[in-house]
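Trainee: To start, I am sharing the structure in question, which I have written as structure tokens.
The values are calculated or read from the model by the stated rules, or taken from the named source; none is laboratory data. This is a predicted model, so every value here is computed, not measured. Every residue, glycine among them, receives a Cβ derived from its backbone with ideal geometry; neighbour counts consider all protein chains shown. Accessible surface areas use protein heavy atoms only, side chains included; no ligands, DNA or RNA. Shrake-Rupley method; radii C 1.70, N 1.55, O 1.52, S 1.80 Å.
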2 protein chains.
Amino acid sequence: MSIPSWSATLIGSIAAFCTTAAFVPQVVRVWRLKSSEQISLTMFLVFSVGTLAWLVYGLLIRSDPVILANGVTLGLSLTMVSLKVNYDRRTRRTTG
Amino acid sequence: MSIPSWSATLIGSIAAFCTTAAFVPQVVRVWRLKSSEQISLTMFLVFSVGTLAWLVYGLLIRSDPVILANGVTLGLSLTMVSLKVNYDRRTRRTTG
């Protein structure tokens, strides 16, 4: 694998920014609606495991962009897991 | 950046598998519930742009795992965009 050119680095940076920033509006939406039954807990649990694995991968290959992007994404993904568990518990208490 | 050892490759493969497979239960959940107002369209649009950029990055650095993982994730993310637009239009037609 050759060292990426500046264009690859630019495209990679845009990619990392988008796939990290994308989670912010989803967190905000669920937090504002205070409900989450359409959100898949499995998605965000599996995604969190994947992001943790990317973080370890970044540490192993010593890639700061991989570490940084996945550290932030892991935080946002775990926030979604926390909101989902919290709102689902609240819904069960209200309806059951 | 040194060439990743087998352990980094293994962790990277687990990471790629998880962050791709994670979208399947979310697609299934929204498809079964036939509603998506808690899903953020912005999230899946920005995520699709990001995944497309990762795909281009994979082509530029000639990394088959990056190309493969992000090709599949892009398909799943665009499926979410399509379901969201479709169900939101249906909801507006019913309520408005």
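Trainee: Kindly identify residues of region B:26-42 having a loss of at least 10 Å² in accessible area between the isolated chain and the assembly of all protein chains, probe radius 1.4 Å.
Mentor: B:GLN26, B:ARG29, B:LEU33, B:SER35, B:GLU37, B:GLN38, B:ILE39, B:SER40, B:THR42
Trainee: Picking from B:ILE11, B:ILE67, B:ILE39, which is most flexible by a Gaussian network model of chain B using Cα springs under 10 Å?
Mentor: It is B:ILE11.
Trainee: Stretch A:LEU59-A:ASP88 to full length: gain in nm at 0.36 nm per residue minus the Cα-Cα span?
Mentor: Value of the extension gain: 7.0 nm.
Trainee: OK, next. Determine ³J(HN,Hα), in whole Hz, for all residues of region A:57-63 in sequence, where each value follows from phi through the Karplus function 6.51 cos²θ - 1.76 cosθ + 1.60 and θ = phi - 60°; x replaces Gly and Pro.
Mentor: The phi angles translate into 4, x, 5, 5, 8, 6, 10 Hz.
Trainee: With only alpha-carbon atoms counted, please give the Rg and Dmax of the protein assembly as shown, in Å.
Mentor: Both quantities, over Cα of the protein assembly as shown: 17.4, 59 Å.
Trainee: Right, another one. How large is Rg over Rh for region A:6-95, taking Rg from the Cα atoms and Rh as the Kirkwood inverse mean of 1/r across Cα pairs?
Mentor: Rounded to two decimals, Rg over Rh is 1.08.
Trainee: Whenever you get a sec, compute what percent of the accessible area on region B:1-56 sits on carbon and sulfur atoms (1.4 Å probe).
Mentor: Result for region B:1-56: 75 percent of the exposed heavy-atom area is carbon or sulfur.
Trainee: For region B:5-38 and region A:43-96, what is the centre-to-centre distance using only Cα atoms, to the nearest Å?
Mentor: Distance between centres, Cα-based: 12 Å.
Trainee: Calculate, for chain B, the solvent-accessible area per residue in square angstrom, rolling a 1.4 angstrom probe over the heavy atoms of the protein chains.
Mentor: Accessible surface, normalised per residue, equals 57 Å².
Trainee: Provide A:ARG93, B:ARG29, B:ARG62, B:ARG92 ordered by accessible surface of protein heavy atoms (probe 1.4 Å), highest first.
Mentor: If we order A:ARG93, B:ARG29, B:ARG62, B:ARG92 from most to least accessible, we get B:ARG62, A:ARG93, B:ARG92, B:ARG29.
Trainee: Taking a label point 7 Å from the Cα of B:VAL24 along the Cα→Cβ vector, which residues of region B:58-85 have an amide N closer than 18 Å to it?
Mentor: Of the residues in region B:58-85, B:68-80 have backbone N under 18 Å from the label point off B:VAL24.
Trainee: Kindly compute the accessible surface that chains B and A hide from a 1.4 Å probe when together, both sides summed, and give it to the nearest 100 Å².
Mentor: For chain B against chain A, roughly 3400 Å² becomes buried.
Trainee: A further question follows. Dipole magnitude of the protein assembly as shown about its Cα centre, charges +1 at Lys/Arg Cβ and -1 at Asp/Glu Cβ only, in debye to the nearest 20?
Mentor: 1020 debye
Trainee: Just read off the accessible area of B:PHE17 with the full protein assembly in place, 1.4 Å probe, to the nearest 10 Å².
Mentor: Surface accessible to solvent at B:PHE17 totals approximately 150 Å².
Trainee: Looking only at other chains, what is the average number of their beta-carbon atoms within 10 angstrom of each beta-carbon in A:6-18?
Mentor: Per residue, the average neighbour count from other chains is 6.
Trainee: Just going by the charge dipole of region A:6-95, with Lys and Arg at +1 and Asp and Glu at -1 on Cβ, which of A:PHE44, A:ALA21, A:SER63 is farthest out on the positive end?
Mentor: A:PHE44
Trainee: Using 7 Å Cα-to-Cβ label points, what is the B:SER5/B:LYS34 separation (nm, one decimal)?
Mentor: Using points 7 Å along Cα→Cβ, the separation is 5.4 nm.
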